[in-house]
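Presented below is the structure to which this report refers.
The values are calculated or read from the model by the stated rules, or taken from the named source; none is laboratory data. Fair warning: this is a prediction, and the values are worked out from it, not measured in the lab. When we count neighbours, we look across all protein chains shown, and the Cβ atoms used for this are built from the backbone with ideal geometry, even at glycine. Areas reflect the complete protein model, heavy atoms only, side chains present, ligands, DNA and RNA absent. Shrake-Rupley method; radii C 1.70, N 1.55, O 1.52, S 1.80 Å.
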Amino acid sequence: MTLHALHDAAVVARLAGADPPLCESLALSVEDPSEVLFAFVGDNPLAPDWLVDLDLPGERIACWSGTLDHDAVAAGDLFAACPRNWMHPGPEALASLLDSVIPGLERNGRSLCLFPHARHVLSDVQGSINLLRQRRNTPIEVALTPSSMLTPSMLDSLEDHLERSFGTLAGESPLLFLHDVVIDDTDDRLLPVPLGSGILDQETVLEAVRTHWPREKPIVVLGEALAEQTSWLAGA
């Protein structure tokens, strides 16, 4: 298993005695923390003033696919429900963004890896595979984020949803971002928590990983409780 963990970029920089990079977090190898899998830019990429620093650590930059609910983002909620994300304006805005960043990515030898989320423009398996097919032979990637694409109503059929996401995207995605979830009853959404501290069935998740995810491809987890998450992934 090739395991990486997301760490706060400012904290990593402070420990290294360096200036903080213009990103939210860094995915560092658990075995060799000097190895950066990607730099995650956590803002809304569909905001009019969104910029990305092409000199971030690592060869891969990652971000969400974004939302058109700019008022909610301004109020501090990047994951508010916004139906416009899944209508024509959402995919059109994402396509325009990708068209604008691809030339710079190619000049700098970088890739941009989109992280799908159930409430963003890139929200499900079909949209993810469609985008990968449309952007083949470009520096645009899509991570496999099975937990982030779930909604509370999907939990009763978790095995089916994981089978579809892993079965469709495991061969195409460069990395697997895996976390547990808890339910936020105030807004009918799922919140990310470290593996083993939420409500996902361990054996169901691990069966999907064992069946579909190549051992040589990286798995990324949240940066908290790493020993416990590693044990969880080992089936303990």
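The figures follow:
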| item | result |
| --- | --- |
| Checking Leu37 against (1) at pLDDT 95 or above; (2) part of a loop (DSSP other than H, G, I, E, B); (3) surrounded by 16 or more Cβ atoms within 10 Å (Cβ to Cβ), the condition it does not meet | (2) |
| Number of positions in the range 4-32 that are farther than 23 Å from Glu141 by Cα and either part of a helix (DSSP H, G or I) or touching a helix residue (DSSP H, G or I) at 6+ places or on another chain (Cβ under 9 Å) (or both) | 10 |
| Selection count where residues are loosely packed, with under 15 Cβ neighbours inside 10 Å and either of a type in the set (Asp, Glu) or free of Cβ contacts under 8 Å to residues at least 24 places away in the same chain (or both), scope the range 15-34 | 9 |
| Yes/no for Trp86 being among the aromatic types (Phe, Trp, Tyr) and open to solvent by 70 Å² or more (accessible area, probe 1.4 Å) | yes |
| Sole residue being within 23 Å of Leu6 (Cβ to Cβ) and of a type in the set (Ser, Thr, Tyr), chosen from Thr151, Thr138 | Thr151 |
| Matching strands (runs of 3 or more DSSP E) fully within the range 162-229 where at least 2 residues are without any contact (Cβ under 8 Å) to a residue 60 or more places away in the chain | 180-184, 189-193 |
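Rundown of residues vs (1) modelled with pLDDT of 95 or more; (2) among the polar types (S, T, N, Q); (3) over 18 Å from the mean Cα position of the chain (by Cα); (4) in a helix (DSSP H, G or I), yes/no style:
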position	(1), (2), (3), (4)
Asp77	yes, no, no, no
Asn85	yes, yes, no, yes
Leu98	yes, no, no, yes
Ile102	yes, no, yes, yes
Arg107	yes, no, yes, yes
Ala118	yes, no, no, no
Ser123	yes, yes, no, no
Gln126	yes, yes, no, yes
